[in-house]
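Input: a single structure, listed below in structure tokens.
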Amino acid sequence: MDIIPEKSNDYGILGIDAGGTFTDLAFLQLADASVTASVKTPTDHDDLVGTISRGLELISEKIDINNIIAVNLATTFATNAIVEEKTHSSGLVLIGYDEEQVEKAVKEDKFGTDRIILIAGGHDTKGNEQAPFDRISLGRSIKKLDSTVRSVGVSGFFSVRNPSHEIAAKEEIISLCPGMSVTCGHELSSDLDAILRAATVSLNAGLIPIVMDLLVSVEKVLRLRGITVPLSVVRGDGSLVNSEWAKTHPIETIVSGPAASALGAAWLGKAQGIERGSWVVDIGGTTTDIIYLDKNGEPAVSAHGASVGSHRTLIKAIDIFTVGLGGDSRVKYDPRGDLFEIGPGRVRPLCSAVYEAPALSGALSSLKKSNNPKEPLLIVKNRTRSSDGVLESKLEDGLKEGLCSREALAEKGYVSRIYFSKLEEMKKAGLLDFAGFTPTDALHVMGKLDKWDREASVIGAKILAGDKNSPEEISAHIFKKFIVYVALSIFKKSMILNGFGDHLTEDAEKLLTYMLLTYKQKDPFIQLKVNSEIIGIGAPAWAFIKEAANLLGEEGNIPLNAEVAGAVGAAVSSFSMKYSVWITPVNGNIFRVHLPEGICDYDDLDTAVEKAEKFMKPWICRRAKKIGAENPAVESSRIDEKAETSGGTEVYLWTELIYKVKEDRGCLFKGDAICL
């Protein structure tokens, strides 16, 4: 990204955070890194590009788009595609893997694809070839892939010790299938876990076509609005990559949104200047993400690879603790325990749905026919347009008649009550949207929020409570339960961070929840303490974070622009990368350097280190520039690992050369300003 010193102080960076509920945009001005404009627009999951386009239209009313020098995008698009099992058809080439091990992984759906090509080859722990690379078998199998496959992942056994077979396979596939996107396992991770590396590269292959299409469309939208500047994407560890790199390495963008939120919270909450650690609590519409920042304001990176849905990966990402709790969480009544539960799962708040479609008010009112508590649920969006299924056809007919509650549809014979569970499955599959009572509705009933239709929230509370409580009482209960869940989640993650996670059993958690809910009414009571700053961000944070922090003995900090922290974090993100090279002993007196393009052997350790340094400095600079760094600055360090025998003799085990790269730009975020 070129930033020219002569540019006016009106110039700045546009951050975009395409979240699950809202897409946020924030413009940070060069002069003092202040947020001079921000907007929020509802995210349309069926048209994310259109959502971003609407956000650009709104922000262009507040700023001169000619002052935008760069656009940084944080998005949960890749994460959602994996969770919702919407990745594209892809192939996976496994070189030298054990067939039984692969069959077991396939049964457990670890790879996310069943188009698997298993061929001979691979290496051992020292990088020695365990079998010749079977180029002929690869060629025959690749030609059998169907035309829907646009991308292939390649993973060789111990390829991180010797990537030569992966590189050869990539060259062969590209020569046989011009235009095919091919990614190798060693390009994404240097960790040794063969199955997880295969899963990582396979998921990456499945994401390439859809993320590539998304980014190409976003670039087009930017150009159409006259914004002809570089587009960068936030990775899961909070660093930036250019859009070209993200198109072929989309797996690196999983948990991009939470990473940007952590950076934004650290920036807005001035976490770097705090003498103790901080907990970032990002309360969204669907989930709450909890992230720890050290006293330098740096988020911890997970020691294990990021997990998305049921899939584990080797991608390094910030350590996030996510709970299914948000402003739009679905509130249900459980008659078995006489309890009102919040989440998991998201619905449209009744107040918002009726505000946008007043006709829904009548359907909501018609649900108030019983004094027993029940869930006020309406169908507000139907994506099924097929007559193939009887239920889908009848459902569509009933909705056309204006019957949008399950009960009304059942009374008129369009849907049997035994099919209510089927409606839930359709909702989970994204074919239906529900509106129901949420914490946002509780805020409206309590008078804490006056944004949409309060009367709809009140009616929903009456239906949910039956004759057991007043709307105000049930709303206050839900509000308190929300803050208790948030506080307990922070405390739970704090225990895990400090090595006490195993002690918080399910029974202990239930007891803590009960005592926190009743601590003002009954003795004894409990006071929890985390001894860390608590920074609340996200649109609903203002309503909950102060009281949740009080339960933990803290005040709670909601910084200015907290509602668009993710977009701010995207704007302040920067390019960085880390890479390790290993040197291992072979046959006692040979030192083998495991380089990203193959192996080299030397007679002594110092020569091996010298040759590795000579190769790696220019190599990692070239890689950094491919990722998006204009002026990469490289730092290197060395770790020599030795062990002592029972006789007191030292034995050399291995050497790790660690390379860290950061962007050495003319414009750097320092303190409260962007310095030119």
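Before moving on, here are some points about what is shown:
- Residue in the stretch 188-198 that is over 27 Å from Asn587 (Cα atoms), modelled with pLDDT of 95 or more and surrounded by 19 or more Cβ atoms within 10 Å (Cβ to Cβ) present: no
- The listed residue being touching a Leu at 6+ places or on another chain (Cβ under 9 Å), among the small types (Gly, Ala, Ser), buried (at least 19 other Cβ atoms within 10 Å of the Cβ) and at pLDDT 90 or above, out of Gly327, Gly343: Gly327
- Residues in the stretch 612-656 that are in contact with a helix residue (DSSP H, G or I) (Cβ under 8 Å, 6 or more places away or on another chain) and aromatic (Phe, Trp, Tyr): Tyr652 only.
- The listed residue being under 28 Å from the mean Cα position of the chain (by Cα), at pLDDT 90 or above and more than 30 Å from Ile583 (Cα to Cα), out of Ser155, Ser202, Ser159, Ser181: Ser181
- Condition check for Lys462: in the same structural domain as Pro349 (by TED's automatic domain parsing), free of Cβ contacts under 8 Å to residues at least 40 places away in the same chain and either part of a loop (DSSP other than H, G, I, E, B) or over 33 Å from the mean Cα position of the chain (by Cα) (or both): no
- Single match in Ser278, Ser307 (criterion: of a type in the set (Gly, Ala, Ser), crowded, with 24+ Cβ neighbours inside 10 Å and not assigned by TED's automatic domain parsing to the domain that holds Ile627): Ser278
- Selected residue (criterion: farthest from Val593 (Cα to Cα)) from residues of the stretch 644-660 that are at pLDDT 90 or above and not aromatic (Phe, Trp, Tyr): Lys660
- Residue that is surrounded by the most Cβ atoms within 10 Å (Cβ to Cβ) [pool: residues in the stretch 623-636 that are of a type outside the set (A, V, I, L, M, F, W, C) and in a loop (DSSP other than H, G, I, E, B)]: Gly628
- Yes/no for Thr253 being out of contact with any Leu (no Cβ under 8 Å at 6 or more places or on another chain) and in contact (Cβ under 8 Å) with a residue 60 or more places away in the chain: yes
- Residue match in the stretch 514-531 (condition: surrounded by 13 or more Cβ atoms within 10 Å (Cβ to Cβ), touching a Ser or Thr at 6+ places or on another chain (Cβ under 7 Å), at pLDDT 85 or above and among the aliphatic types (A, V, I, L, M)): yes
- Against the list (1) under 28 Å from Val83 (Cα atoms); (2) part of a loop (DSSP other than H, G, I, E, B), the condition Ser421 fails is (2).
- The one condition in (1) in a loop (DSSP other than H, G, I, E, B); (2) in contact with a strand residue (DSSP E or B) (Cβ under 8 Å, 6 or more places away or on another chain); (3) polar (S, T, N, Q) that Ser155 fails to fulfil: (1)
- Taken together, Ala18, Ala74, Ala33, Ala70 contain a single residue that is on the phi > 0 side of the Ramachandran plot and at pLDDT below 95, which is Ala33.
- Condition check for Ile117: modelled with pLDDT of 90 or more, among the β-branched types (Val, Ile, Thr), touching a helix residue (DSSP H, G or I) at 6+ places or on another chain (Cβ under 7 Å) and in a strand (DSSP E or B): yes
- Qualifying residue in the stretch 524-535 (condition: part of a loop (DSSP other than H, G, I, E, B) and free of Cβ contacts under 8 Å to residues at least 12 places away in the same chain): yes
- Selection within the stretch 87-100 - surrounded by 14 or more Cβ atoms within 10 Å (Cβ to Cβ) and either at positive phi or part of a helix (DSSP H, G or I) (or both): Gly96
- The stretch 125-152, residues that are in a loop (DSSP other than H, G, I, E, B) and farther than 30 Å from Ile583 by Cβ: Lys144, Leu145, Asp146, Ser147, Thr148, Val149, Arg150
- In the set Ile620, Ile599, Ile545, only one residue is surrounded by 16 or more Cβ atoms within 10 Å (Cβ to Cβ) and closer than 26 Å to Ile16 by Cα; that residue is Ile545.
The values are calculated or read from the model by the stated rules, or taken from the named source; none is laboratory data. Owing to the predicted nature of the structure, the values given are computational and were not obtained by experimental measurement. No Cβ is skipped: glycine too gets one built from the backbone with ideal geometry, and neighbour counts run over all protein chains shown.
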